[in-house]
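First the structure, in the form of structure tokens, and then the observations on it.
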Amino acid sequence: MIKERIRQMLLEAARAAYEAGELSSADFPPISVEEPKAGAHGDLATNFAMTSASVQKMPPKAIAQAVTDHISDPGGLIEKTEIAGPGFINFFIHPLAWHPILDAIHEKGGAFGANDLGQGQKVQVEFVSANPTGPLHIGHGRGAVVGDTIAALLLFCGYRVDREYYINDAGRQIHTLGKSVYLRCCELSGQSVDFPEDAYQGDYIYEIAKSVLADQEQDILALDAEAAISRCARRAAGEILEGIRADLQGLGVTFDHWYSEQQLYDTGKVQAAIESLFQQGLIYEKDGAKWFTSASFGDEKDRVVVRNNGQTTYFASDIAYHREKYERGYQRIIDVWGADHHGYVPRLTAAISAMGKSPDQFRVILTQLVNLLRQGRPVSMSTRAGKFETLRDVVSEVGRDAARFIFLTRHHESQLDFDLEVAKAQTNDNPVYYVQYVHARIASIRRKAAEEKGIRETTPDAESMARLNEPEEIQLIKQMGRYPETVSAAADLMEPHRIAYYLMDLAALFHAYYNKHKVLTDDPGLSAPRLYLVIAVQKVICNGLHMLGVSAPESM
RNA sequence: GCCCCCGUAGCUCAGUGGAUAGAGCAAUGGAUUCCUAAUCCAUGUGCCGCAGGUUCGAUCCCUGCCGGGGGCACCA
């Protein structure tokens, strides 16, 4: 808010300077006002003079001088300005000018930092979408948390957001799953079976086989093999999906829609999508297969949608699925995938271009892989042997809050080392507690104020607010003032880790303040504004943690 | 061979064109009669992988190379 006012003042000053003949052009580039890294350079600074140099045909320092000479500051916001370096204009803001941020936080509460970037657009975030052929692993957990948090950010920024899970319940993998279960059923009933290597090896297959055998309604072994496999497949996919749903719920992730691939086939939407592309002349036949001309939409080659054996590919149903998404009225579509699918992006983007949708209506977020460690050593993740640490195991070992926070302490396109021991440690290696502790500490102060000190939570008058002038207090307020722009940047760039880092920074400032200054003093005129300050901190911490799906405890 | 991600302090990582590149961990020393020590304070370390280019200005953008990881089906 202060940044915006400075920007306005600069613009008016530039105009005034031009009218006074001190600038040669009224053509001003967009004015950027940033916080300098070094405190000695003031609270805010602009490079306006440098970016205007070529238009004005003047040295940056002369432009800076002309502009600063015409700055009008009736509100007394600015303590002083200076021209420095190659032509920066630095602003030193009056410390008390930051105080309105506190009022905004108290007024808006949980809505502080929200904006209307999305303007009510409908957006769908599709994430996880793991095949229901086995339990979720840690990598799925990362995708789940990143997707969930991106959805939360977009919601906070004025989008109408739906979270969706796409169930790959059609096709070969499901058939393989059914076969795996069926063979285990046979094995458990004493038959000797040849269990193929490409079948699912995990112990969970035995569990499902047992439950199939325990089902009294129908003797699976009496059916012919294909019918039995199909029955096993349905049953297994259903059970596994239930497990996935439960695991995600354990991570605090829930979906608005679970969308079935099989349903796309059952309702003829896959055929319709292929037909539509064919009508557009974008599908041709070659070698007995049907190809989509993805190369003409930026992919490196054309891709098969119907194989020469008549079966459609996964790509075909994905085209149909995304067509369906737009038909459901989503203006923006976001897919969160594991980075191992990155090669798939160009062809789906091609398909979406063929639907006449612009690239900014479709975005794929790729999450890089997670290395699961224990005390710095890799935990074996041998899928072949079917033995691996599941997401469920991890969450139950380290807890939801720590798991979620750790997933968000890296840029999603960086690989992540997830160390189980670190995740459990209650040290600053594990910053979730560091941030939560702020919330708990302030809750404790508030209890103490009410119960022992008899200090009421009020909106202090101007006179007592003026006592909120310690450097640590101003720092805290300034940091809280950064929350709205952090939220909009995180949403815009779909980088939820920015919120996590923001919270760690805010927490550090609070802990330092807490150690240096007492909130509850014998001086009511001082305690009241300080209480007002720390309650604001607590609200912002709570907002941010809530955004990340992490709890904000009253005590620890 | 082609594509994607990464390369920043001893380690793990922030830093979407600005001035003197930051944090945590690790190391050393200190702080608790006082609102929760899961906290704080002090002490220092960098050819921002390399080489070009664009720019008034590059860790950031472009090109090439080097190193690490992942992906390249009429599989999903």
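Conditions tested, residue by residue: (1) exposed (fewer than 15 other Cβ atoms within 10 Å of the Cβ); (2) in a loop (DSSP other than H, G, I, E, B).
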residue: A:Arg7; (1), (2): no, no
residue: A:Ala13; (1), (2): no, no
residue: A:Gly21; (1), (2): yes, yes
residue: A:Ile31; (1), (2): no, yes
residue: A:Lys37; (1), (2): yes, yes
residue: A:Val55; (1), (2): no, no
residue: A:Gln65; (1), (2): no, no
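Considering only region A:306-324, state which residues are polar (S, T, N, Q) and open to solvent by less than 70 Å² (accessible area, probe 1.4 Å).
Taking region A:306-324 as the starting set, the residues that turn out to be polar (S, T, N, Q) are A:308-309, A:311-313, A:317.
Hits for region A:306-324 are A:Thr312, A:Thr313, A:Ser317.
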- [ ] Name the residue, out of A:His137, A:His175, that is closer than 30 Å to A:Gly544 by Cα, surrounded by fewer than 23 Cβ atoms within 10 Å (Cβ to Cβ) and within 16 Å of RNA strand B (Cβ to nearest atom).
- [x] A:His137
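If you take the residues in region A:42-59 that are at pLDDT below 90 and closer than 30 Å to A:Gly481 by Cα, which one is farthest from RNA strand B (Cβ to nearest atom)? Talk me through it step by step, then tell me what you get.
Within region A:42-59, the subset at pLDDT below 90 is A:51-59.
Restricting the remaining residues to those that are closer than 30 Å to A:Gly481 by Cα gives A:51-52.
Details: A:Thr51: 5, A:Ser52: 10 Å.
For region A:42-59, the residue satisfying everything is A:Ser52.
Taking A:Ala114 as the residue in question, decide whether it is away from RNA strand B (no atom under 13 Å from the Cβ), over 30 Å from A:Arg234 (Cα atoms), within 16 Å of the chain's Cα centre (by Cα) and not polar (S, T, N, Q).
Numbers: away from RNA strand B (no atom under 13 Å from the Cβ): yes; over 30 Å from A:Arg234 (Cα atoms): yes; within 16 Å of the chain's Cα centre (by Cα): yes; not polar (S, T, N, Q): yes.
Here the answer is yes, as A:Ala114 does meet what is asked.
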Task: Filter result (surrounded by fewer than 15 Cβ atoms within 10 Å (Cβ to Cβ), closer than 21 Å to A:Pro132 by Cα and hydrophobic (A, V, I, L, M, F, W, C)) within region A:196-229 - done: A:Ala227
Open item on the list: Take the conditions within 30 Å of A:Ala490 (Cβ to Cβ), within 16 Å of RNA strand B (Cβ to nearest atom) and either of a type outside the set (Val, Ile, Thr) or open to solvent by 10 Å² or more (accessible area, probe 1.4 Å) (or both) and apply them to A:Tyr159. Does it pass?
Closed with: no
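Could you pull out every one of the strands (runs of 3 or more DSSP E) wholly within region A:342-452 that has 3 or more residues that are touching an Asp or Glu at 6+ places or on another chain (Cβ under 9 Å)? Spell out the reasoning first.
Details: elements: A:362-367, A:370-374, A:416-419.
The strands (runs of 3 or more DSSP E) meeting that bar are A:362-367, A:370-374.
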Open item on the list: Conditions first: (1) surrounded by fewer than 22 Cβ atoms within 10 Å (Cβ to Cβ); (2) touching a Leu at 6+ places or on another chain (Cβ under 7 Å); (3) modelled with pLDDT of 95 or more. A:Arg142 passes all but one, so which condition is the exception?
Closed with: (1)
- [ ] Determine whether region A:144-154 contains at least one residue that is on the phi > 0 side of the Ramachandran plot and not aliphatic (A, V, I, L, M).
- [x] no
Task: Residue pairs meeting the criteria (Cβ under 7 Å; at least 6 apart or on separate chains; first within 12 Å of A:Ala443 (Cβ to Cβ), in region A:530-556; second away from RNA strand B (no atom under 12 Å from the Cβ) and open to solvent by 30 Å² or more (accessible area, probe 1.4 Å)) - done: A:Ile535/A:Glu457; A:Ala552/A:Cys542; A:Ala552/A:His546
- [ ] Determine which member of the set A:Asp318, A:Asp299, A:Asp256 is acidic (Asp, Glu), at pLDDT 95 or above and in contact with a helix residue (DSSP H, G or I) (Cβ under 7 Å, 6 or more places away or on another chain).
- [x] A:Asp318
- [ ] Determine whether A:Ile244 is at pLDDT below 95 and β-branched (Val, Ile, Thr).
- [x] no
Open item on the list: Quick check on my filter: what residues within region A:511-537 are assigned to a helix (DSSP H, G or I), open to solvent by 10 Å² or more (accessible area, probe 1.4 Å) and of a type in the set (S, T, N, Q)?
Closed with: A:Asn515
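Quick check on A:Leu503: is it more than 9 Å from RNA strand B (Cβ to nearest atom) and within 20 Å of A:Asp461 (Cα to Cα)? Lay out the reasoning, then the answer.
Details: more than 9 Å from RNA strand B (Cβ to nearest atom): yes; within 20 Å of A:Asp461 (Cα to Cα): no.
For A:Leu503, the condition - more than 9 Å from RNA strand B (Cβ to nearest atom) and within 20 Å of A:Asp461 (Cα to Cα) - is not met.
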- [ ] Output the residue which, of all residues in region A:266-305 that are within 8 Å of RNA strand B (Cβ to nearest atom) and either in a helix (DSSP H, G or I) or aliphatic (A, V, I, L, M) (or both), is most open to solvent (accessible area, probe 1.4 Å).
- [x] A:Val304
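The values are calculated or read from the model by the stated rules, or taken from the named source; none is laboratory data. In this text the structure is predicted, and so the values were computed from the model without any measurement. Neighbour counts are summed over all protein chains in view; Cβ atoms, including those assigned to glycine, are modelled from backbone coordinates with ideal geometry. Just the protein is used for accessible areas: all its heavy atoms, side chains included, with ligands, DNA and RNA removed. Shrake-Rupley method; radii C 1.70, N 1.55, O 1.52, S 1.80 Å.
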